[in-house]
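A short worksheet on the structure shown next.
None of the figures in this text is laboratory data; all of them are computed from the coordinates on show. If you're wondering where the values come from, they're calculated on a predicted model, not measured in any experiment. In this analysis, Cβ positions are derived from the backbone assuming ideal geometry, glycine residues included, and neighbour counts consider all displayed protein chains.
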Amino acid sequence: MQFTNIIGQSSVKQQLAELVQHNRLSHALLFLGKEGSGALPLAIAFAQYIVCEKVNGKHSTAQQQGPSLFGDAEPEPAISAAEVINDACGVCSACLKTIQLVHPDIHFSYPTVTKKAGEKPIATDFITEWREFIKLNSYGNLFDWIEQIKEKENSQGKITAEECNEIIRKLSLKSFESEYKILIMWMPEMLGTEGNKLLKLIEEPPPNTLFILVAENDALVLQTIVSRCQLIKVPSLDTKEIEEALISRNKTEPAIARQVASVSEGNYREALQLVQHAEEDWQSLLREWLNAILKTGPVAQTKWVEDVSRLGREKQKQFLRYFNHLLEQAIHYRIRGEELVIGEKERDFAERLNKIAGIEQQQAIIEELDRASYYIERNAHGKMLFHALTIKLYHIIQDKIVFLEN
Ligand SMILES: [Zn+2]
């Protein structure tokens, strides 16, 4: 994975290349980026940059050899000493191994699940699945990863004490091919207090060892570890970057890409999921809900709650996010009117939402939806949660008369 394969993040890429070029790299880095920002693929691209033979000046390229004596095509102009290589070459032996995730000096550590009672899994047990995950879903989150490897319901991912011992063992070995040994640990949030085993290693690592931790939420990582790392902030992506990535990488229709990018909050994973569950579904689900709340009454409400509780947590969260986005659009539309460029269907819905509820009510609903998302993430009971939410929304908007016709 080269920097060029990573969506956006140009200033972070620049910062990373400069850290290497100016020898300002600390031996423990914390890549901190929210879900869908690409912190993990970025960390892998960075590892590739570090081991790339061309970046290290070991690779004898045509440029360095000068013009060919044998009538081959004219080489590119030679790279001057001042010119800086900003990305891995993608073709040297170290790059090829990194792309396949088989470079012997780049180690990975990530949460694993227990398949049988008493078993003590380590990351290497899941390396085949891990390679597949990175290849197909490198913007995925912990939920996606656990879904891929779990065998039982409610499996929780964990980085085990045995894995910590394994890391200590691996990093005590000499590097095989590269100057550096690199360990990329994804989701150190899942370390628990076992992580304390690694403190000494992070503080006084063996020579030429680089730790790269990739986290979404530093508050959940052991503070003793965070405080020993150089922080690399990986911001959420721009709407435009997501739109372009959907079109070029996912072959999404431009109109859908634009719409999805605008609600994905800089989260490329979310954008991919939204494309999968076309927006149409959410609109009709939402229309049914509002009608049940405001017109058709308790029986319809119960049926709707049954339906939505079968969707699963991820989709429930997406649905709430979608509704929230529409409410925000409705508020903007009310304030800025025609100035706001939104799609026809969204404008229509915004107008309907503005008829149902005033700004204060809409803000109250947004808060309720945010709170519900928070509880869904923490495994709240879906049916109870949506039932309670239905009642709350009814009370928030009951004094308005509504017709949410199709
Ligand atoms: Zn290379």
Original post:
For labels at residue 162 and residue 200 in the simple 7 Å Cα→Cβ model, what's the distance in nm?
Top reply: 2.2
Subject >> Sites matching chymotrypsin sites (Phe, Trp or Tyr not before Pro) across the stretch 153-247 that sit in DSSP coil, with at most 10 neighbouring C-beta atoms within 10 Å >> reply: 176
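Between residue 143 and residue 22, 0.36 nm times their residue separation minus their Cα-Cα distance comes to what? All intermediate terms of the calculation are to be shown ahead of the outcome.
Working: separation 121, 0.36 × 121 = 43.56 nm, distance 3.75 nm.
Here the answer is 39.8 nm.
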Original post:
Which value in deg cm²/dmol, rounded to the nearest 500, describes the helix-derived mean residue ellipticity at 222 nm for the chain, given -39,500 (n - 2.57) per DSSP H run of n ≥ 4 and division by the residue count?
Top reply: -15500 deg cm²/dmol
Subject >> Computed log₁₀ I(q)/I(0) - Debye formula, equal Cα scatterers, no solvent, the stretch 282-397, q 0.23 Å⁻¹ >> reply: -1.39
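At a 10 angstrom cut-off on C-beta neighbours, averaged per residue, how do the peptides 357-363, 202-208 rank from highest to lowest?
Highest to lowest by the protection proxy: 357-363, 202-208.
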Original post:
Using a cut-off of 20 Å between alpha-carbon atoms, which lysines can reach residue 392, once sequence neighbours fewer than 8 places away in the same chain are excluded?
Top reply: 295, 303, 317, 355, 383, 400
**OP:** Take the Cβ-Cβ distance between residue 85 and residue 116 as r, set R0 to 45 Å, and report the resulting FRET efficiency rounded to the nearest 0.05.
**Re:** 0.40
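Which links in 97/251; 54/174; 34/200; 13/120; 150/174; 174/197 stretch past 25 Å when you go from one Cα to the other? Before the final figure, lay out the partial values.
Values: 97/251 28 Å; 54/174 22 Å; 34/200 28 Å; 13/120 37 Å; 150/174 33 Å; 174/197 21 Å.
97/251; 34/200; 13/120; 150/174, as the Cα separations exceed 25 Å there.
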**OP:** Consider a paramagnetic label point 7 Å from the Cα of residue 248 along Cα→Cβ; state which residues of the stretch 121-146 have an amide N under 17 Å from it.
**Re:** 139
Subject >> Alpha-carbon radius of gyration plus Dmax, which is the widest Cα pair, for the chain in Å >> reply: 25.1, 86
Original post:
Relative contact order for the chain: what is it in percent, counting Cα pairs under 8 Å that are at least 6 residues apart?
Top reply: 18
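Find the Cα radius of gyration of the stretch 151-195, compare it with 2.2 N^0.38 Å by division, and give the number to two decimals. The partial results should precede the final answer.
On the way: Rg = 13.5 Å, N = 45, 2.2 N^0.38 = 9.3 Å.
Cα Rg divided by the expected 2.2 N^0.38 Å: 1.45.
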Subject >> Directionally averaged projected area (convex hull, Cα atoms, the stretch 3-234), nm² >> reply: 13.8
Subject >> Overall Cα dimensions of the stretch 93-214, principal axis frame, Å, largest first >> reply: 42, 33, 22
